[in-house]
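One structure is given below, encoded as structure tokens.
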Amino acid sequence: MVIRVLPASKGGIYSNAGSSHFLVNYLEHEAREEKQPERAIFFDQQREGIRAEEVQERIDANVKGVQKGKPLFHSLVISPSQDELRHLNDDPDKLKAYTRQVMENYAANFAPKRRESLTSDNLVWYATIHRSRHYSGLDDAVQTGQAQSRQRKEGEQTHIHVIVSARDRTMSRSLHPDAGSSQFNYKAWLQKNHRDFEQTFGYKTTVTEKQHQERLEKQIARLDRAGLSLDRERMMSIGQHHAYSTDFWKGMSQVERGVKQGSIFTANQAYERLSAATEPKPKNARHQAGDRQVTQSYIPTISTQSERITNHQYVMSKLDAPVEEKPRRDNTASIEPKPLTSKAAKSEATKSINKQDVKPSRTDLSPLISALRFESVPETGEQARTQDDDYRRRLKRRR
């Protein structure tokens, strides 16, 4: 399924800077060539059998508020593949129903911008079905000499032309599908159309080997016209080797861009670029390097743990050793603190070691503070004074 907005070529039938007369006349002329003498060949969201005069009148009148230099209308084409047409049995009623769904998606895809979402009823659009196509001078078959301009194409070529106004029905809002993704998400619109076709008609997209080869032949022909000659047999074998994967087609696109930009001008460069694009990339290389770093960083952790065990044994040995009592400077009798039991000491040491895992350890000064603490003298009513108290008292007397 190919759905696109046709470019408004200046001076051509798709020019949308003025009246829609030329485009409507062309669409009607194509219908007459298909032996459809009746002029009522257009349809919209609700009606069928609409005459060409009404189409031109409604499109040309719905232009109030269009900015100067902006398009007055847009041309769309809906082109099912031959396999999709066979799946629908080329039923015109199914094609019309799908066209109405495409235009419903077209209206809903415009960004609301704090306004109500649009539906196809808010649009001014008309469509017609064409059963045949003709080669133009831009087709690859014409440029390679395989066909002539205006020659009718073979096979099922049914497609739908749509002409839609660039203003909504109330002429209060401009609707330009080429204004950028901020206003119209072109890719999301195409994806929604494809999903609706598959879900509505139970169609599953399958690409055959022949279709892949035809696509590759077209790209080879374009490169040949651009000045780069590639070996067709070699390119076909490369495509088959890679099963025409996504990486293969990305590589072909890179080659085509390189030829246009002038960075690729020989066949060997194209083969090298294609080989680099299709070469399998090493997966999880960064993760493998990270695993090696983790393994290396884990070894010091083991040694650190062993060091912690050694430190723990060292601390326990120091706690079990007898503590030497240092002589006091003053004559005040000190009350010896109650020594910790072995189990309590080991528990305190274990807690201090565990704290070292989180933050640097602190020296426990509680035994020293307990040893230097003075208590009141019993039955005297006087308080034991430290050296600082005595110093302050003498200083006060001198003053």
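Descriptive notes on the structure:
- Subset of the range 75-109 (residues that are in contact with a Ser or Thr (Cβ under 8 Å, 6 or more places away or on another chain) and part of a strand (DSSP E or B)): 78
- Pairing residues of the range 163-184 that are over 19 Å from residue 55 (Cα atoms) and in the same structural domain as residue 53 (by TED's automatic domain parsing) with residues that are of a type in the set (Val, Ile, Thr) and crowded, with 17+ Cβ neighbours inside 10 Å, at Cβ distances under 6 Å and at least 6 apart in sequence or on separate chains, gives 177/5.
- From the options 308, 257, residue that is at pLDDT 85 or above, among the charged types (D, E, K, R), surrounded by 11 or more Cβ atoms within 10 Å (Cβ to Cβ) and over 20 Å from residue 213 (Cβ atoms): 257
- Residue list for the range 71-92, restricted to those being hydrophobic (A, V, I, L, M, F, W, C) and surrounded by fewer than 17 Cβ atoms within 10 Å (Cβ to Cβ): 77
- Checklist (1) loosely packed, with under 15 Cβ neighbours inside 10 Å; (2) part of a helix (DSSP H, G or I); (3) at pLDDT below 90 applied to residue 205, failing item: (2)
- Consider the range 39-49 and keep the residues that are touching a strand residue (DSSP E or B) at 6+ places or on another chain (Cβ under 7 Å) and within 18 Å of residue 98 (Cβ to Cβ). The one that is surrounded by the most Cβ atoms within 10 Å (Cβ to Cβ) is 42.
Each row is one residue, and each column tells you yes or no for (1) more than 29 Å from the chain's Cα centre (by Cα); (2) touching a residue at least 24 places away in the same chain (Cβ under 8 Å); (3) over 27 Å from residue 12 (Cβ atoms).
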residue	(1), (2), (3)
80	no, yes, no
103	no, yes, no
110	no, yes, no
122	yes, yes, yes
128	yes, yes, no
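- Out of 223, 319, one residue alone is hydrophobic (A, V, I, L, M, F, W, C) and modelled with pLDDT under 55. It is 319.
- Qualifying residue in the range 234-244 (condition: polar (S, T, N, Q), touching a helix residue (DSSP H, G or I) at 6+ places or on another chain (Cβ under 9 Å) and part of a loop (DSSP other than H, G, I, E, B)): no
- Hits in the range 147-172 (condition: at pLDDT 90 or above and over 30 Å from residue 91 (Cβ atoms)): 166, 167, 168, 170, 171, 172
The values are calculated or read from the model by the stated rules, or taken from the named source; none is laboratory data. All values derive from a computational prediction rather than experimental measurement. Here Cβ is always computed from backbone atoms with ideal geometry, including for glycine, and neighbour counts include all displayed protein chains.
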